[in-house]
Amino acid sequence: MKKLFILALSAVLFWNCNSEDDSSNSDNNEPEKTMVIQQITHTKEDVSITYAFEYNEDDTISKIIEKQGEDVLNTYEMDYSGEEINGVFINKDSDDPKLINLTYEDNKISFNLGDSFVQNTYTNSLLRESFYYESYNSEKKEKEVYYNISDESISSMIVKEEVIVNGKPVQKAITYSYTLDDKYSPYANLSPEVKFLLFILFDDINALNKYNITEEKLGGTITRTRASLYGSDNYPIQTVITEIGGGEESFLYVYKEI
């Protein structure tokens with residue numbers, strides 16, 4: 001899962017920049033307060049993991065601490081140069097720390113972590129496509145991902161990759177689509193790189209979005225639904241995700257105002 005973080009981090013680095021022209025939701029449901037996550041508790045298959053967020057004075061994330069009970073599982077520390085992130089340290093003080101390095105050029109940004117590489121292309125600072133590979137047991141696996149964005153949220157994406165069928169390479173394309181409501185996602189005010197980190201940790205595409213997902217489809221088939229309980233400030237305090245024909249998982253949210 002942690003190897004996938006490089007893809008996750010890259011996909012939305014500039015998500016919140018210059019996106020006014022891509023938004024059409026009504027201001028009637030905009031929250032009166034600007035809230036950011038202080039703690040998330042994710043429960044799946046009777047296992048609960050808590051994520052505590054620490055902030056810099058300018059309200060950017062400095063560190064995320066992942067815990068199960070009192071045991072610290074992982075730490076994620078952001079390294080900034082001004083407003084620009086240079087990298088993310090994973091378990092910086094451990095015996096096996098990792099660092100994701102970022103480089104910028106024109107409308108492209110590249111990420112390197114070990115044998116993994118990602119290059120993303122942006123239009124008007126919104127992600128439009130990605131190319132990446134990751135190496136597993138010396139075998140390079142390549143994918144291309146194309147995103148459709150509405151209201152600063154993913155409405156659909158197409159994942160293309162080459163697979164081997166009967167000994168021959170075949171191009172495979174999968175389309176994922178999402179129904180959005182008009183209320184804020186609990187992750188709406190987090191920085192882009194943090195959003196995608198949480199997407200990988202939770203395997204939850206809604207972590208990328210400004211607005212909440214209510215339904216997910218693979219092809220034309222509904223695969224997951226989600227129901228949220230909202231507080232008086234119009235941010236969700238609980239979300240329950242139900243797999244069609246499968247199990248459930250839940251998220252509890254605690255916020256702070258900025």
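The values are calculated or read from the model by the stated rules, or taken from the named source; none is laboratory data. Predicted, not measured: the structure shown is a model, and the values here were computed from it. Every residue, glycine among them, receives a Cβ derived from its backbone with ideal geometry; neighbour counts consider all protein chains shown.
Structure values in brief
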item	result
Top-ranked residue of the stretch 129-167 - restricted to ones that are at pLDDT 80 or above and among the small types (Gly, Ala, Ser), ranked as nearest to SER185 (Cα to Cα)	SER153
Any pair with Cβ under 7 angstrom, 6 or more apart, that starts in the stretch 245-258 at a residue that is closer than 16 Å to LYS33 by Cα and ends at one that is among the aromatic types (Phe, Trp, Tyr)	TYR255/TYR235
Given (1) surrounded by fewer than 16 Cβ atoms within 10 Å (Cβ to Cβ); (2) in a strand (DSSP E or B); (3) in contact with a strand residue (DSSP E or B) (Cβ under 7 Å, 6 or more places away or on another chain), index of the condition ASN234 fails	(2)
Pairs where the first residue, in the stretch 75-87, is without any contact (Cβ under 8 Å) to a residue 60 or more places away in the chain and the second is surrounded by 14 or more Cβ atoms within 10 Å (Cβ to Cβ) and outside any strand (DSSP E or B), C-beta under 6 Å, 6+ apart	THR75/ASN91; GLU77/LYS92
Hits in the stretch 51-74 - residues which are over 19 Å from VAL254 (Cα atoms) and either surrounded by 15 or more Cβ atoms within 10 Å (Cβ to Cβ) or touching a residue at least 12 places away in the same chain (Cβ under 8 Å) (or both)	LEU73, ASN74
ASN124 being modelled with pLDDT under 75, loosely packed, with under 15 Cβ neighbours inside 10 Å, over 20 Å from LEU201 (Cα atoms) and touching a helix residue (DSSP H, G or I) at 6+ places or on another chain (Cβ under 8 Å)	yes
Qualifying residue in the stretch 146-155 (condition: surrounded by fewer than 21 Cβ atoms within 10 Å (Cβ to Cβ), aromatic (Phe, Trp, Tyr), in contact with a Ser or Thr (Cβ under 7 Å, 6 or more places away or on another chain) and farther than 18 Å from VAL36 by Cα)	no
